[in-house]
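Notes to accompany the following structure.
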Amino acid sequence: MAGGAGATENESMRVERQAVEAAFAQPLTEELLRCSGVTPGMRVLALGRDLAEIALLVAERVGRTGAVIALHEDPYVVEKAQRRAADEGFEQIGFRAESLEQACVGVRVDAVVGRFFLTHESDPVQAIRRAASMVRDGGRIIFQEWHYGSILWAETSAWPQLPLYRTFAHWCIEGLRARSAHLDMGLRLANAFTEAGLPLPMTRTDLRTVHGGDSLGYSFFEAALRELLPAIERRGLAGALDVEVDTFAQRLERETTAAGGHVFLPLQVGAWARATSKL
């Protein structure tokens, strides 16, 4: 099942993580929606831990003549997303506190769009298969995921090698493993689509560097570490985490700038295919 943020998390931390993550995810999401043919008037199912962000972005694409069904199993996440949609005047979004497995959308949708959803599913292939079963024949199935494993690769981590970035990579991976997350979901998308019975998907990637005074970029790393701290603590590893999270972004910026270098965000991968009558 998808990992809900939960009402016990600090709300300000959640907002920061979602806002920073969404800022870097939006260009690839918009490209996927455009290339796959999501157009005004469509009825779309939206999935994602950043439910408000993805639902509003899809709603902008389908316009007032379209409709968005946004699912998340955590009622708290749904309530927050509903409030934001209402504040921003999006009336074409219907939010439901349901898991994908439990959901029933009635008439099949024209597309399903999932962002940062499969990484936290226990069975990503089954989730894709279930999502595709809700899409009309010829409709679109679109997913976008981080490939967190890329932060361990020498070519896509830090240049030159920076100690603080190594700290981030180590504890980010440990925290995600503690959550049973799929660290390699991004580059697994094509295989997962075909295993789910879909055609081989079209794919897009987005790899971004952070350097100089890019404060938003450095905040990505700090927000990720902060969010993963509870998982690290549950694994009994907090005592070994020798890092001041609240100043991590500032210190990483100073270290990177002093070295005249740059650091990489995790690789993003997007994939889309058309539903077939075989599903």
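Nothing in this text is a laboratory measurement; each read-out follows from the coordinates by a stated rule. It should be emphasised that the depicted structure is a prediction, and the values quoted were computed from it without experimental measurement. Cβ placement follows ideal geometry from the backbone for every residue including glycine, while neighbour counts extend to all protein chains displayed.
For region 102-236, the equivalent ellipsoid built from the Cα gyration tensor has semi-axes of 32, 17, 13 Å, listed from largest to smallest.
Quick check: net charge around A271, other residues with Cβ under 10 Å of its Cβ, Lys/Arg +1 and Asp/Glu -1? Present the calculation step by step, with values, prior to reporting the outcome.
Details: positive: R188, R204; negative: E145.
Result for the neighbourhood of A271: +1.
Each peptide in 37-48, 148-159, 57-68 receives the mean, over its residues, of other Cβ atoms within 10 Å, and ordering these scores from highest gives 37-48, 57-68, 148-159. What does the charge count around Q126 come to, taking other residues whose C-beta lies under 11 Å from its C-beta (Lys +1, Arg +1, Asp -1, Glu -1)? Every neighbour counted, the sum reads -2.
Need one number: the % of Cα-Cα pairs in the chain sitting beyond the 24 Å mark.
Here the tail beyond 24 Å accounts for 49 percent of pairs.
Using every Cα-Cα pair within region 106-180, state what percent have a distance larger than 13 Å.
Roughly 72 percent, once rounded to a whole number.
For the chain, the relative contact order comes to 22 percent (Cα pairs under 8 Å, sequence separation of at least 6). By Kyte-Doolittle mean hydropathy of at least -0.5 and Cα axial length of at least 24 Å, which whole DSSP H helices of the chain are selected? Span-like helices in the chain: 11-36, 215-234. In terms of packing, defined here as the mean over residues of other Cβ atoms within 10 angstrom, the peptides 244-253, 17-26 line up highest first as 17-26, 244-253.
What number, rounded to the nearest 500 deg cm²/dmol, is the helix-based mean residue ellipticity at 222 nm of the chain, given -39500 (n - 2.57) per DSSP H run of at least four residues and division by all its residues? Present the calculation step by step, with values, prior to reporting the outcome.
Details: 8 runs with 118 residues, N = 279.
The helix-only estimate for the chain comes to -14000 deg cm²/dmol at 222 nm.
Work through the residues other than R188 whose Cβ is under 11 Å from its Cβ and net out their charges, Lys, Arg +1 and Asp, Glu -1.
Working: positive: none; negative: E145, D184, E195.
Here the count lands on -3.
Roughly what % antiparallel, to the nearest 5, for the DSSP beta bridges in region 11-274? Don't skip to the answer; put the middle values down first.
On the way: 17 of 37 bridges.
Of those bridges, close to 45 percent are antiparallel.
Seen from every direction in turn and averaged, the convex hull around the alpha carbons of region 165-237 projects onto 6.3 nm².
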